[in-house]
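The values are calculated or read from the model by the stated rules, or taken from the named source; none is laboratory data. Everything quoted here is computed from the prediction, not taken from an experiment. A quick note on method: Cβ atoms are made from the backbone with ideal geometry, for glycine too, and the neighbour counts reach across all protein chains shown. Calculation scope for accessible area: heavy atoms of the full protein, side chains included, ligands and nucleic acids excluded. Shrake-Rupley method; radii C 1.70, N 1.55, O 1.52, S 1.80 Å.
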Amino acid sequence: MFNASKGGFPVATQINEQTIERLLFEREIERFLYDEAAMLDERRFSEWGDLLAEDIHYHMPIRRNVKFGEQDRENTDPGSEISWFDEGKSTLMGRVRQLNTGVHWPEEPFSRVRHNVTNIRVMAINGDEVEVDSNFFIWSNRLRDEVVMFVGTRHDVLRRDQLTGWKIAKRQIILDQNVLLAKVLATFF
């Protein structure tokens with residue numbers, strides 16, 4: 001508990017063991033997501049693939065402009081409508097294999113990409129699974145002057161594997177734009 005009544009910076013008056021455990025757990029989740037972003041930035045795509053659960057659902061719906069009161073229609077439904085991404089591990093790893101050949105036309109020459117992950121929040125803990133929300137800003141530069149920026153939020157389900165650590169079991173990516181301005185979409189989110 002913090003006491004801000006004295007002015008200036010808050011003063012820690014009491015921290016219990018449960019608070020410390022929660023902070024350490026949140027830090028572990030943050031570190032996982034930061035390390036994942038570094039793998040993608042450094043083009044360590046095969047290593048990134050090891051972070052994916054076998055049953056992952058990787059989904060990025062298309063956003064629509066809707067009237068007030070119709071927010072439930074803003075994102076396309078994965079079961080009945082088209083999405084930017086609606087993939088499992090085999091499709092994602094196929095994309096990784098293609099990128100690793102060096103003959104993937106949208107990435108030849110390859111892009112310089114930077115992932116910034118922020119506002120990481122543990123939303124729920126259900127046994128070995130953790131629901132995590134985060135925001136992202138992805139900057140990509142290709143050739144001399146092709147610049148693409150993606151901004152949005154992610155809703156992840158992370159699952160602890162007792163042997164290999166955290167795995168991404170589900171990722172929903174919500175872009176803060178409804179018209180995709182990029183010429184190609186070869187970025188992992």
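Here are the numbers for this structure:
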| read-out | value |
| --- | --- |
| Neighbours by Cβ (under 9 Å, 6+ apart or cross-chain): first from region 29-41, at pLDDT 95 or above; second assigned to a helix (DSSP H, G or I) | Glu36/Trp48; Met39/Phe45; Met39/Glu47; Met39/Trp48; Leu40/Trp48 |
| Failed criterion for Gln177 (all others in (1) in a strand (DSSP E or B); (2) open to solvent by 20 Å² or more (accessible area, probe 1.4 Å); (3) more than 21 Å from Val96 (Cβ to Cβ); (4) touching a residue at least 40 places away in the same chain (Cβ under 8 Å) hold) | (1) |
| Test result for Leu158, modelled with pLDDT of 95 or more and either of a type outside the set (Phe, Trp, Tyr) or crowded, with 18+ Cβ neighbours inside 10 Å (or both) | yes |
| Top-ranked residue in region 142-189 [being among the hydroxyl-bearing types (Ser, Thr, Tyr) and within 24 Å of Asn119 (Cα to Cα); ranked as nearest to the chain's Cα centre (by Cα)] | Thr153 |
| Identity of the residue in region 7-28, open to solvent by less than 80 Å² (accessible area, probe 1.4 Å) and modelled with pLDDT of 90 or more, that ends up nearest to Met93 (Cα to Cα) | Glu28 |
| Scope region 81-103; condition closer than 16 Å to Met60 by Cβ and open to solvent by less than 30 Å² (accessible area, probe 1.4 Å); matching residues | Ser83, Phe85, Glu87, Gly88, Leu92 |
| Every residue from region 42-66 that is in contact (Cβ under 8 Å) with a residue 60 or more places away in the chain and open to solvent by 80 Å² or more (accessible area, probe 1.4 Å) | Arg43, Asp50, Asp55, Asn65 |
